[in-house]
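Let me give you the structure first, and then I'll get to my questions.
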Amino acid sequence: MSFPLYFSKKIAFSKDNKNNLSRVIIFIGRLSVALGIIVSLITVSTGFGSKKAIKERLADFSGHITVRSTRSNSSYNTSVLDNQGLDLKKIRELPDVASVQKYATVTGIMRNEHNFAGIIFKGVGKDFDSLRFKKFLIAGTSPKVTEQGFYNGVTISQKIATDLHLKVKDSIVTVFSKADQKPIYRKFEVVGIYRTDIKMIDDQFVLGGINHVRKIQDMKPDEIGGLDIFFKNVDDTDRNLPEIEKLIGYKNYAEKATEKFPQITDWISIFDTNIALIIIIMLIVVVINIIMVLLILIIERTNSIGLLKTLGASNAQIRATFINYTLIIMIPGLLYGNAIGLGLIFIQKIFGIIKLNPENYYVSTVPVDLNPIAIISISLGILLISGLALIVPSYLISKISPVKAIKYN
(Lines give C-alpha, C1' and ligand atoms only; values in the text may rest on other atoms or scores of the structure.)
Protein backbone atom coordinates (compact mmCIF):
# COMPACT_ATOMS: atom_id res chain seq x y z
CA MET A 1 0.00 0.00 0.00
CA SER A 2 1.36 3.47 -0.92
CA PHE A 3 2.29 5.89 1.83
CA PRO A 4 -0.36 8.57 0.96
CA LEU A 5 -3.20 6.04 0.96
CA TYR A 6 -1.98 4.31 4.12
CA PHE A 7 -1.52 7.55 6.08
CA SER A 8 -4.82 9.06 4.88
CA LYS A 9 -6.70 5.94 6.06
CA LYS A 10 -4.93 6.07 9.45
CA ILE A 11 -5.95 9.65 10.13
CA ALA A 12 -9.42 9.22 8.64
CA PHE A 13 -10.32 6.31 10.91
CA SER A 14 -8.52 7.58 14.00
CA LYS A 15 -10.90 8.43 16.85
CA ASP A 16 -8.68 11.14 18.30
CA ASN A 17 -7.98 13.16 15.19
CA LYS A 18 -10.93 15.51 15.15
CA ASN A 19 -11.51 18.63 17.21
CA ASN A 20 -14.90 20.33 17.42
CA LEU A 21 -14.27 22.50 14.35
CA SER A 22 -13.22 19.64 12.11
CA ARG A 23 -16.19 17.56 13.23
CA VAL A 24 -18.57 20.31 12.14
CA ILE A 25 -16.76 20.85 8.85
CA ILE A 26 -16.68 17.12 8.07
CA PHE A 27 -20.39 16.83 8.91
CA ILE A 28 -21.21 19.74 6.58
CA GLY A 29 -19.12 18.15 3.82
CA ARG A 30 -20.85 14.78 4.19
CA LEU A 31 -24.26 16.43 4.38
CA SER A 32 -23.63 18.34 1.14
CA VAL A 33 -22.53 15.13 -0.59
CA ALA A 34 -25.61 13.25 0.66
CA LEU A 35 -27.98 16.05 -0.42
CA GLY A 36 -26.25 16.28 -3.80
CA ILE A 37 -26.70 12.54 -4.35
CA ILE A 38 -30.35 12.59 -3.19
CA VAL A 39 -31.33 15.54 -5.40
CA SER A 40 -29.41 14.17 -8.40
CA LEU A 41 -30.97 10.70 -8.08
CA ILE A 42 -34.49 12.08 -7.77
CA THR A 43 -33.93 14.48 -10.67
CA VAL A 44 -32.55 11.82 -13.00
CA SER A 45 -35.07 9.12 -12.06
CA THR A 46 -38.13 11.38 -12.32
CA GLY A 47 -36.85 13.13 -15.45
CA PHE A 48 -36.06 9.92 -17.32
CA GLY A 49 -39.17 8.28 -15.86
CA SER A 50 -41.42 11.09 -17.10
CA LYS A 51 -39.89 11.00 -20.59
CA LYS A 52 -40.30 7.25 -20.80
CA ALA A 53 -43.84 7.23 -19.38
CA ILE A 54 -45.09 9.91 -21.79
CA LYS A 55 -43.48 8.20 -24.78
CA GLU A 56 -44.92 4.83 -23.78
CA ARG A 57 -48.43 6.26 -23.33
CA LEU A 58 -48.33 7.90 -26.73
CA ALA A 59 -46.94 4.77 -28.35
CA ASP A 60 -49.26 2.30 -26.62
CA PHE A 61 -52.29 4.23 -27.82
CA SER A 62 -51.31 5.00 -31.40
CA GLY A 63 -48.31 2.82 -32.20
CA HIS A 64 -44.59 3.42 -31.77
CA ILE A 65 -44.55 4.11 -35.50
CA THR A 66 -47.58 4.99 -37.64
CA VAL A 67 -47.72 4.49 -41.39
CA ARG A 68 -50.04 6.76 -43.41
CA SER A 69 -50.60 7.79 -47.00
CA THR A 70 -48.80 10.95 -48.11
CA ARG A 71 -52.20 12.19 -49.32
CA SER A 72 -53.45 12.30 -45.74
CA ASN A 73 -50.96 15.03 -44.80
CA SER A 74 -52.07 16.42 -41.42
CA SER A 75 -55.77 15.65 -41.94
CA TYR A 76 -57.57 13.48 -39.40
CA ASN A 77 -59.62 12.00 -42.26
CA THR A 78 -57.16 9.38 -43.45
CA SER A 79 -56.67 8.62 -47.12
CA VAL A 80 -56.36 5.05 -48.35
CA LEU A 81 -52.95 3.54 -47.65
CA ASP A 82 -51.16 2.79 -50.93
CA ASN A 83 -50.31 -0.89 -51.41
CA GLN A 84 -47.54 -0.32 -53.97
CA GLY A 85 -44.27 -1.21 -52.25
CA LEU A 86 -46.01 -1.93 -48.94
CA ASP A 87 -44.77 -5.25 -47.54
CA LEU A 88 -46.88 -5.88 -44.46
CA LYS A 89 -45.59 -9.43 -44.06
CA LYS A 90 -41.95 -8.34 -43.76
CA ILE A 91 -42.92 -5.59 -41.33
CA ARG A 92 -44.59 -8.14 -39.04
CA GLU A 93 -41.53 -10.41 -39.29
CA LEU A 94 -39.04 -7.77 -38.08
CA PRO A 95 -37.43 -9.06 -34.82
CA ASP A 96 -38.36 -6.00 -32.73
CA VAL A 97 -41.98 -5.77 -33.92
CA ALA A 98 -44.53 -6.95 -31.34
CA SER A 99 -47.73 -6.33 -33.34
CA VAL A 100 -49.20 -4.39 -36.24
CA GLN A 101 -52.80 -3.17 -36.41
CA LYS A 102 -54.69 -1.47 -39.21
CA TYR A 103 -56.94 1.53 -38.73
CA ALA A 104 -58.75 4.39 -40.45
CA THR A 105 -59.95 7.70 -38.99
CA VAL A 106 -62.66 10.22 -39.69
CA THR A 107 -63.82 13.32 -37.82
CA GLY A 108 -67.32 13.73 -36.43
CA ILE A 109 -69.45 15.20 -33.68
CA MET A 110 -70.99 13.28 -30.78
CA ARG A 111 -74.05 14.93 -29.37
CA ASN A 112 -76.94 14.42 -26.99
CA GLU A 113 -79.29 16.55 -24.92
CA HIS A 114 -76.49 17.41 -22.49
CA ASN A 115 -73.66 18.57 -24.74
CA PHE A 116 -71.66 17.88 -27.88
CA ALA A 117 -68.03 16.98 -28.56
CA GLY A 118 -65.89 17.10 -31.68
CA ILE A 119 -64.21 13.72 -32.06
CA ILE A 120 -61.78 11.72 -34.16
CA PHE A 121 -63.36 8.33 -34.76
CA LYS A 122 -60.56 5.78 -35.01
CA GLY A 123 -61.83 2.63 -36.65
CA VAL A 124 -59.85 -0.48 -35.73
CA GLY A 125 -59.99 -4.02 -37.08
CA LYS A 126 -59.84 -7.55 -35.73
CA ASP A 127 -56.05 -7.23 -35.25
CA PHE A 128 -56.54 -4.46 -32.65
CA ASP A 129 -54.10 -4.96 -29.76
CA SER A 130 -56.65 -4.98 -26.93
CA LEU A 131 -54.13 -6.35 -24.43
CA ARG A 132 -51.85 -3.32 -24.89
CA PHE A 133 -54.85 -0.98 -24.68
CA LYS A 134 -56.15 -2.60 -21.49
CA LYS A 135 -53.94 -0.43 -19.26
CA PHE A 136 -55.96 2.63 -20.29
CA LEU A 137 -59.42 1.20 -19.51
CA ILE A 138 -61.18 2.49 -16.42
CA ALA A 139 -64.61 0.96 -17.21
CA GLY A 140 -66.04 -1.55 -19.67
CA THR A 141 -64.03 -3.11 -22.48
CA SER A 142 -62.07 -2.21 -25.59
CA PRO A 143 -63.71 -2.63 -29.04
CA LYS A 144 -64.35 -6.28 -30.04
CA VAL A 145 -64.20 -5.90 -33.82
CA THR A 146 -64.60 -8.90 -36.13
CA GLU A 147 -64.93 -6.84 -39.37
CA GLN A 148 -68.05 -8.84 -40.21
CA GLY A 149 -70.70 -6.18 -40.75
CA PHE A 150 -70.81 -3.03 -38.63
CA TYR A 151 -69.69 -3.17 -35.01
CA ASN A 152 -71.71 -0.54 -33.11
CA GLY A 153 -69.74 -0.46 -29.88
CA VAL A 154 -67.40 2.44 -29.10
CA THR A 155 -64.81 3.05 -26.38
CA ILE A 156 -64.68 6.71 -25.44
CA SER A 157 -62.38 8.74 -23.21
CA GLN A 158 -63.29 9.71 -19.67
CA LYS A 159 -63.21 13.38 -20.73
CA ILE A 160 -65.81 12.82 -23.46
CA ALA A 161 -67.89 10.62 -21.14
CA THR A 162 -67.92 13.38 -18.50
CA ASP A 163 -68.78 16.14 -21.00
CA LEU A 164 -71.68 14.13 -22.46
CA HIS A 165 -72.78 12.51 -19.16
CA LEU A 166 -72.21 9.04 -20.59
CA LYS A 167 -71.51 5.71 -18.94
CA VAL A 168 -71.04 2.16 -20.16
CA LYS A 169 -74.07 0.78 -22.09
CA ASP A 170 -75.41 4.28 -22.88
CA SER A 171 -76.24 5.15 -26.50
CA ILE A 172 -74.87 8.17 -28.34
CA VAL A 173 -75.50 9.66 -31.77
CA THR A 174 -72.53 10.71 -33.87
CA VAL A 175 -72.73 12.95 -36.94
CA PHE A 176 -70.20 12.61 -39.77
CA SER A 177 -70.10 15.11 -42.62
CA LYS A 178 -68.77 14.82 -46.15
CA ALA A 179 -68.21 17.52 -48.74
CA ASP A 180 -71.33 18.26 -50.85
CA GLN A 181 -73.30 15.49 -49.12
CA LYS A 182 -75.86 15.25 -46.38
CA PRO A 183 -74.61 14.52 -42.85
CA ILE A 184 -74.31 10.84 -41.96
CA TYR A 185 -75.78 9.75 -38.62
CA ARG A 186 -74.63 6.74 -36.63
CA LYS A 187 -75.90 5.48 -33.28
CA PHE A 188 -73.33 3.77 -31.07
CA GLU A 189 -73.33 2.01 -27.71
CA VAL A 190 -70.63 2.92 -25.21
CA VAL A 191 -68.84 -0.34 -24.35
CA GLY A 192 -65.84 1.13 -22.58
CA ILE A 193 -64.25 4.26 -21.10
CA TYR A 194 -60.50 4.92 -21.18
CA ARG A 195 -58.02 7.51 -19.92
CA THR A 196 -54.47 8.03 -21.16
CA ASP A 197 -53.79 11.34 -19.32
CA ILE A 198 -52.60 12.74 -22.68
CA LYS A 199 -54.91 15.70 -23.21
CA MET A 200 -54.67 15.71 -27.02
CA ILE A 201 -55.82 12.09 -27.09
CA ASP A 202 -58.43 12.14 -24.33
CA ASP A 203 -60.12 15.25 -25.73
CA GLN A 204 -60.74 13.75 -29.16
CA PHE A 205 -60.30 10.04 -29.83
CA VAL A 206 -63.09 7.47 -29.91
CA LEU A 207 -62.40 3.85 -30.83
CA GLY A 208 -64.83 1.79 -32.89
CA GLY A 209 -65.17 -0.53 -35.86
CA ILE A 210 -63.17 0.19 -39.01
CA ASN A 211 -66.08 -0.68 -41.33
CA HIS A 212 -67.93 2.47 -40.23
CA VAL A 213 -65.01 4.60 -41.44
CA ARG A 214 -64.77 2.61 -44.68
CA LYS A 215 -68.45 3.26 -45.36
CA ILE A 216 -68.25 6.97 -44.54
CA GLN A 217 -65.03 7.45 -46.53
CA ASP A 218 -66.22 5.32 -49.52
CA MET A 219 -63.35 2.89 -49.00
CA LYS A 220 -63.33 -0.68 -50.29
CA PRO A 221 -63.77 -3.55 -47.78
CA ASP A 222 -60.06 -4.38 -47.72
CA GLU A 223 -58.73 -0.81 -47.75
CA ILE A 224 -57.23 0.86 -44.67
CA GLY A 225 -56.16 4.34 -43.64
CA GLY A 226 -52.94 3.43 -41.85
CA LEU A 227 -50.93 1.03 -39.73
CA ASP A 228 -49.98 1.23 -36.06
CA ILE A 229 -46.69 -0.61 -35.49
CA PHE A 230 -45.80 -1.63 -31.94
CA PHE A 231 -42.31 -2.67 -30.83
CA LYS A 232 -41.30 -4.84 -27.91
CA ASN A 233 -39.55 -1.86 -26.35
CA VAL A 234 -40.10 1.87 -26.87
CA ASP A 235 -36.33 2.30 -27.23
CA ASP A 236 -36.43 0.18 -30.42
CA THR A 237 -38.30 2.91 -32.32
CA ASP A 238 -35.42 5.01 -33.65
CA ARG A 239 -33.38 1.97 -34.64
CA ASN A 240 -36.23 0.42 -36.65
CA LEU A 241 -37.62 3.54 -38.33
CA PRO A 242 -35.24 3.39 -41.36
CA GLU A 243 -36.07 -0.29 -41.91
CA ILE A 244 -39.81 0.41 -41.72
CA GLU A 245 -39.46 3.23 -44.27
CA LYS A 246 -37.94 0.76 -46.74
CA LEU A 247 -40.97 -1.52 -46.50
CA ILE A 248 -43.88 0.91 -46.86
CA GLY A 249 -43.51 2.22 -50.44
CA TYR A 250 -42.77 5.73 -51.60
CA LYS A 251 -46.43 6.90 -51.50
CA ASN A 252 -46.71 6.28 -47.77
CA TYR A 253 -44.73 7.75 -44.88
CA ALA A 254 -43.84 6.65 -41.35
CA GLU A 255 -43.76 8.84 -38.26
CA LYS A 256 -42.94 8.20 -34.62
CA ALA A 257 -45.59 8.63 -31.94
CA THR A 258 -43.90 11.74 -30.52
CA GLU A 259 -43.85 13.40 -33.96
CA LYS A 260 -47.66 13.48 -34.07
CA PHE A 261 -47.77 15.82 -31.09
CA PRO A 262 -44.94 18.38 -31.43
CA GLN A 263 -46.01 20.23 -28.27
CA ILE A 264 -45.40 17.05 -26.27
CA THR A 265 -42.04 16.56 -27.99
CA ASP A 266 -41.05 20.09 -26.95
CA TRP A 267 -42.20 19.36 -23.41
CA ILE A 268 -40.11 16.17 -23.27
CA SER A 269 -37.00 17.98 -24.53
CA ILE A 270 -37.21 20.34 -21.54
CA PHE A 271 -36.45 17.43 -19.22
CA ASP A 272 -32.93 17.03 -20.62
CA THR A 273 -32.12 20.69 -19.98
CA ASN A 274 -33.57 20.64 -16.47
CA ILE A 275 -31.77 17.43 -15.53
CA ALA A 276 -28.41 18.77 -16.71
CA LEU A 277 -28.92 22.14 -14.97
CA ILE A 278 -29.89 20.64 -11.60
CA ILE A 279 -27.02 18.14 -11.62
CA ILE A 280 -24.51 20.90 -12.46
CA ILE A 281 -25.81 23.07 -9.61
CA MET A 282 -25.63 20.16 -7.15
CA LEU A 283 -22.13 19.30 -8.35
CA ILE A 284 -20.94 22.88 -7.82
CA VAL A 285 -22.38 22.92 -4.28
CA VAL A 286 -20.72 19.59 -3.43
CA VAL A 287 -17.35 20.62 -4.89
CA ILE A 288 -17.33 23.96 -3.03
CA ASN A 289 -18.09 22.26 0.28
CA ILE A 290 -15.49 19.54 -0.26
CA ILE A 291 -12.82 22.12 -1.11
CA MET A 292 -13.76 23.94 2.08
CA VAL A 293 -13.32 20.67 4.03
CA LEU A 294 -9.88 20.15 2.48
CA LEU A 295 -8.69 23.66 3.31
CA ILE A 296 -9.88 23.37 6.92
CA LEU A 297 -8.13 20.03 7.27
CA ILE A 298 -4.89 21.49 5.89
CA ILE A 299 -5.02 24.44 8.31
CA GLU A 300 -5.90 22.14 11.21
CA ARG A 301 -2.99 19.79 10.46
CA THR A 302 -0.31 22.34 9.65
CA ASN A 303 1.94 20.84 12.36
CA SER A 304 1.55 17.36 10.88
CA ILE A 305 2.40 18.69 7.42
CA GLY A 306 5.58 20.30 8.74
CA LEU A 307 6.54 17.07 10.53
CA LEU A 308 5.96 14.96 7.40
CA LYS A 309 8.12 17.34 5.33
CA THR A 310 10.85 17.17 7.97
CA LEU A 311 10.76 13.36 7.78
CA GLY A 312 11.25 13.52 4.01
CA ALA A 313 7.73 13.32 2.58
CA SER A 314 7.38 15.20 -0.70
CA ASN A 315 4.73 17.82 -1.42
CA ALA A 316 3.09 15.44 -3.91
CA GLN A 317 2.82 12.69 -1.29
CA ILE A 318 1.33 15.02 1.29
CA ARG A 319 -1.14 16.46 -1.27
CA ALA A 320 -2.19 12.92 -2.23
CA THR A 321 -2.63 12.07 1.45
CA PHE A 322 -5.01 14.96 2.07
CA ILE A 323 -6.93 14.42 -1.16
CA ASN A 324 -7.42 10.74 -0.24
CA TYR A 325 -8.39 11.77 3.28
CA THR A 326 -11.06 14.15 1.96
CA LEU A 327 -12.43 11.55 -0.49
CA ILE A 328 -12.65 8.97 2.31
CA ILE A 329 -14.63 11.51 4.34
CA MET A 330 -17.08 11.77 1.41
CA ILE A 331 -17.88 8.03 1.33
CA PRO A 332 -20.42 8.01 4.21
CA GLY A 333 -22.21 10.90 2.50
CA LEU A 334 -22.34 8.90 -0.73
CA LEU A 335 -23.72 5.85 1.07
CA TYR A 336 -26.36 7.75 3.04
CA GLY A 337 -27.32 9.80 -0.01
CA ASN A 338 -27.84 6.70 -2.14
CA ALA A 339 -29.77 4.91 0.61
CA ILE A 340 -32.14 7.83 1.22
CA GLY A 341 -32.49 8.78 -2.47
CA LEU A 342 -33.18 5.23 -3.66
CA GLY A 343 -35.55 4.70 -0.74
CA LEU A 344 -37.63 7.74 -1.72
CA ILE A 345 -37.63 6.64 -5.36
CA PHE A 346 -38.79 3.12 -4.47
CA ILE A 347 -41.59 4.51 -2.28
CA GLN A 348 -42.81 6.70 -5.16
CA LYS A 349 -42.55 3.83 -7.64
CA ILE A 350 -44.55 1.44 -5.47
CA PHE A 351 -47.13 3.77 -3.90
CA GLY A 352 -47.24 6.74 -6.33
CA ILE A 353 -47.57 9.18 -3.42
CA ILE A 354 -46.80 12.38 -5.37
CA LYS A 355 -49.60 13.23 -7.81
CA LEU A 356 -49.58 15.54 -10.83
CA ASN A 357 -52.17 17.34 -12.91
CA PRO A 358 -52.31 15.32 -16.17
CA GLU A 359 -53.54 18.35 -18.12
CA ASN A 360 -50.18 20.02 -17.48
CA TYR A 361 -47.79 17.07 -17.11
CA TYR A 362 -49.44 14.31 -19.24
CA VAL A 363 -49.17 11.86 -16.31
CA SER A 364 -51.25 11.64 -13.11
CA THR A 365 -48.43 10.51 -10.78
CA VAL A 366 -44.71 11.27 -10.78
CA PRO A 367 -43.12 8.38 -12.72
CA VAL A 368 -39.63 7.16 -11.83
CA ASP A 369 -37.08 5.14 -13.78
CA LEU A 370 -34.46 3.17 -11.84
CA ASN A 371 -31.56 3.03 -14.25
CA PRO A 372 -28.58 1.24 -12.61
CA ILE A 373 -26.08 2.89 -14.97
CA ALA A 374 -27.36 6.37 -14.10
CA ILE A 375 -27.32 5.60 -10.36
CA ILE A 376 -23.73 4.35 -10.43
CA SER A 377 -22.61 7.17 -12.75
CA ILE A 378 -23.91 9.86 -10.37
CA SER A 379 -21.91 8.54 -7.40
CA LEU A 380 -18.75 7.85 -9.37
CA GLY A 381 -19.06 11.17 -11.21
CA ILE A 382 -19.34 13.19 -8.01
CA LEU A 383 -16.42 11.30 -6.46
CA LEU A 384 -14.21 11.69 -9.55
CA ILE A 385 -14.97 15.38 -10.17
CA SER A 386 -14.48 16.18 -6.49
CA GLY A 387 -11.10 14.42 -6.57
CA LEU A 388 -10.01 16.45 -9.60
CA ALA A 389 -11.31 19.68 -8.05
CA LEU A 390 -9.20 19.08 -4.93
CA ILE A 391 -5.93 19.04 -6.86
CA VAL A 392 -5.57 22.83 -7.22
CA PRO A 393 -6.37 23.84 -3.59
CA SER A 394 -4.09 21.05 -2.33
CA TYR A 395 -1.12 23.03 -3.71
CA LEU A 396 -1.50 25.20 -0.61
CA ILE A 397 0.52 22.46 1.12
CA SER A 398 3.61 23.30 -0.95
CA LYS A 399 3.55 26.85 0.47
CA ILE A 400 3.86 25.61 4.05
CA SER A 401 7.39 25.90 5.49
CA PRO A 402 8.43 22.91 7.65
CA VAL A 403 10.10 25.11 10.29
CA LYS A 404 7.17 27.50 10.63
CA ALA A 405 4.67 24.64 10.49
CA ILE A 406 6.25 22.80 13.41
CA LYS A 407 6.14 25.99 15.49
CA TYR A 408 2.51 26.61 14.36
CA ASN A 409 -0.13 26.06 17.00
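Please give the number of the condition residue 275 fails out of (1) aliphatic (A, V, I, L, M); (2) under 25 Å from residue 378 (Cα atoms); (3) open to solvent by 20 Å² or more (accessible area, probe 1.4 Å).
Of (1) aliphatic (A, V, I, L, M); (2) under 25 Å from residue 378 (Cα atoms); (3) open to solvent by 20 Å² or more (accessible area, probe 1.4 Å), only one is false for residue 275: (3).
Let me ask something else. For residues that are under 18 Å from residue 211 (Cβ atoms) and of a type in the set (Lys, Arg), tally how many sit in segment 70-107. Walk me through how you get there before you give the answer.
First, the residues of segment 70-107 that are under 18 Å from residue 211 (Cβ atoms): 77-81, 101-107.
Checking the rest, the ones that are also of a type in the set (Lys, Arg) come to 102.
Final tally of qualifying residues: 1.
Taking residue 10 and the conditions (1) open to solvent by 50 Å² or more (accessible area, probe 1.4 Å); (2) modelled with pLDDT of 85 or more, which numbered condition does it fall short on, given that it satisfies the others?
That leaves (2) as the condition not met.
Let me ask something else about it. Just one of 150, 133, 128, 121 is in a strand (DSSP E or B) and aromatic (Phe, Trp, Tyr); which is it? Let's see the steps before the verdict.
Values: 150 fails: in a strand (DSSP E or B); 133 fails: in a strand (DSSP E or B); 128 fails: in a strand (DSSP E or B).
None of the others qualify; the one that does is 121.
Return the total of residues in segment 39-49 being touching a Leu at 6+ places or on another chain (Cβ under 9 Å) and either among the aliphatic types (A, V, I, L, M) or farther than 14 Å from residue 378 by Cα (or both).
So the answer is 3.
Just for segment 42-78: of the residues that are open to solvent by 30 Å² or more (accessible area, probe 1.4 Å) and outside any helix (DSSP H, G or I), which one is modelled with the highest pLDDT? Before you say what the answer is, go through the steps one by one.
Pass one, segment 42-78, residues open to solvent by 30 Å² or more (accessible area, probe 1.4 Å): 42, 46, 48, 51-52, 55-57, 70-71, 73-77.
Next, from what is left, pick out any that are outside any helix (DSSP H, G or I): 70-71, 73-77.
Working: 70: 88, 71: 85, 73: 67, 74: 64, 75: 71, 76: 82, 77: 85.
Residue satisfying both the conditions and the ranking: 70.
Could you tell me which residue of segment 197-211 is most open to solvent (accessible area, probe 1.4 Å), considering only residues that are charged (D, E, K, R) and assigned to a helix (DSSP H, G or I)? Show your work before the answer.
Taking segment 197-211 as the starting set, the residues that turn out to be charged (D, E, K, R) are 197, 199, 202-203.
From what is left, the residues that are assigned to a helix (DSSP H, G or I) are 199, 202.
Values: 199: 82, 202: 15 Å².
Among those that are charged (D, E, K, R) and assigned to a helix (DSSP H, G or I), it is 199.
Quick check on segment 289-300: of everything there that is open to solvent by 20 Å² or more (accessible area, probe 1.4 Å) and in contact (Cβ under 8 Å) with a residue 40 or more places away in the chain, which residue is nearest to residue 392 (Cα to Cα)?
291
Separate question: So which pairs qualify, if the first residue must be in segment 121-141 and surrounded by 18 or more Cβ atoms within 10 Å (Cβ to Cβ), the second must be assigned to a helix (DSSP H, G or I) and not basic (Lys, Arg), the Cβ gap must be under 6 Å, and the two must be at least 6 apart or on different chains?
Hits for this filter: 123/210; 123/212; 123/213; 124/210; 125/210; 132/60.
Which of the residues belonging to segment 93-117 are open to solvent by 50 Å² or more (accessible area, probe 1.4 Å), under 20 Å from residue 171 (Cβ atoms) and in contact with a strand residue (DSSP E or B) (Cβ under 9 Å, 6 or more places away or on another chain)?
Here is the first cut: in segment 93-117, the residues open to solvent by 50 Å² or more (accessible area, probe 1.4 Å) are 93, 95, 98, 107, 109, 111, 113-116.
Checking the rest, the ones that are also under 20 Å from residue 171 (Cβ atoms) come to 109, 111, 113-116.
Hits for segment 93-117 are 109, 111, 116.
Only one of these is touching a residue at least 40 places away in the same chain (Cβ under 8 Å) and either over 30 Å from residue 159 (Cα atoms) or in contact with a Pro (Cβ under 6 Å, 6 or more places away or on another chain) (or both): 327, 388, 335. Name it. Outline the logic, then answer.
Working: 388 fails: touching a residue at least 40 places away in the same chain (Cβ under 8 Å); 335 fails: touching a residue at least 40 places away in the same chain (Cβ under 8 Å).
Among 327, 388, 335, only 327 is touching a residue at least 40 places away in the same chain (Cβ under 8 Å) and either over 30 Å from residue 159 (Cα atoms) or in contact with a Pro (Cβ under 6 Å, 6 or more places away or on another chain) (or both).
(1) within 22 Å of residue 150 (Cβ to Cβ); (2) out of contact with any Gly (no Cβ under 6 Å at 6 or more places or on another chain); (3) of a type in the set (A, V, I, L, M, F, W, C): which one isn't true of residue 200, the others all being true?
Result: residue 200 fails condition (1) only.
Kindly provide the set of residues from segment 320-349 that are among the hydrophobic types (A, V, I, L, M, F, W, C) and within 12 Å of residue 390 (Cα to Cα), ordered by number. Let's see the steps before the verdict.
The initial filter retains those residues of segment 320-349 that are among the hydrophobic types (A, V, I, L, M, F, W, C), namely 320, 322-323, 327-331, 334-335, 339-340, 342, 344-347.
Of everything in segment 320-349, those that are among the hydrophobic types (A, V, I, L, M, F, W, C) and within 12 Å of residue 390 (Cα to Cα) turn out to be 320, 322, 323, 327.
Restricting attention to segment 306-319, does a residue exist that is in a loop (DSSP other than H, G, I, E, B), in contact (Cβ under 8 Å) with a residue 40 or more places away in the chain and either open to solvent by less than 20 Å² (accessible area, probe 1.4 Å) or not hydroxyl-bearing (Ser, Thr, Tyr) (or both)? Give the steps one after another, and end with the answer.
Within segment 306-319, the first condition is being in a loop (DSSP other than H, G, I, E, B), and the residues that meet it are 311-314.
With the extra rule that they be in contact (Cβ under 8 Å) with a residue 40 or more places away in the chain, the set shrinks to 313.
Subsequent filtering for residues that are either open to solvent by less than 20 Å² (accessible area, probe 1.4 Å) or not hydroxyl-bearing (Ser, Thr, Tyr) (or both) retains 313.
Yes; the residues of segment 306-319 include at least one that is in a loop (DSSP other than H, G, I, E, B), in contact (Cβ under 8 Å) with a residue 40 or more places away in the chain and either open to solvent by less than 20 Å² (accessible area, probe 1.4 Å) or not hydroxyl-bearing (Ser, Thr, Tyr) (or both).
This table checks each residue for (1) over 37 Å from the mean Cα position of the chain (by Cα); (2) more than 30 Å from residue 94 (Cα to Cα); (3) charged (D, E, K, R).
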residue: 171; (1), (2), (3): yes, yes, no
residue: 187; (1), (2), (3): yes, yes, yes
residue: 208; (1), (2), (3): no, no, no
residue: 212; (1), (2), (3): no, yes, no
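Could you list, in sequence order, all residues of segment 204-254 that are under 29 Å from residue 151 (Cα atoms) and acidic (Asp, Glu)?
Hits for segment 204-254 are 218, 222, 223, 228.
Quick check on my filter: what residues within segment 153-171 are outside any helix (DSSP H, G or I) and among the basic types (Lys, Arg)? Let's see the steps before the verdict.
As a first pass, look at segment 153-171 and keep what is outside any helix (DSSP H, G or I): 153-157, 164-171.
The answer is 167, 169.
In segment 244-266, what count of residues is obtained for those that are open to solvent by less than 70 Å² (accessible area, probe 1.4 Å), out of contact with any helix residue (DSSP H, G or I) (no Cβ under 6 Å at 6 or more places or on another chain), more than 14 Å from residue 98 (Cβ to Cβ) and not in a loop (DSSP other than H, G, I, E, B)?
Step one: list which residues in segment 244-266 are open to solvent by less than 70 Å² (accessible area, probe 1.4 Å), which gives 244, 247-249, 252-258, 260-261, 264-265.
This time we only want the ones that are out of contact with any helix residue (DSSP H, G or I) (no Cβ under 6 Å at 6 or more places or on another chain), so: 244, 248-249, 252-253, 255, 260, 264.
Next, only the ones that are more than 14 Å from residue 98 (Cβ to Cβ) stay: 248-249, 252-253, 255, 260, 264.
Still in the running and not in a loop (DSSP other than H, G, I, E, B): 248, 252-253, 255, 260, 264.
Selection size over segment 244-266: 6.
Of all residues in segment 320-351 being within 30 Å of residue 198 (Cα to Cα) and surrounded by 15 or more Cβ atoms within 10 Å (Cβ to Cβ), which is modelled with the lowest pLDDT?
Step one: list which residues in segment 320-351 are within 30 Å of residue 198 (Cα to Cα), which gives 341-351.
With the extra rule that they be surrounded by 15 or more Cβ atoms within 10 Å (Cβ to Cβ), the set shrinks to 341-342, 344-345, 348-349.
Details: 341: 94, 342: 94, 344: 94, 345: 94, 348: 93, 349: 90.
The qualifying residue modelled with the lowest pLDDT is 349.
The values are calculated or read from the model by the stated rules, or taken from the named source; none is laboratory data. A quick note: this is a predicted structure, and the numbers were derived from the prediction, not measured. Every residue, glycine among them, receives a Cβ derived from its backbone with ideal geometry; neighbour counts consider all protein chains shown. Protein only, heavy atoms only, side chains kept; ligands, DNA and RNA dropped before computing areas. Shrake-Rupley method; radii C 1.70, N 1.55, O 1.52, S 1.80 Å.
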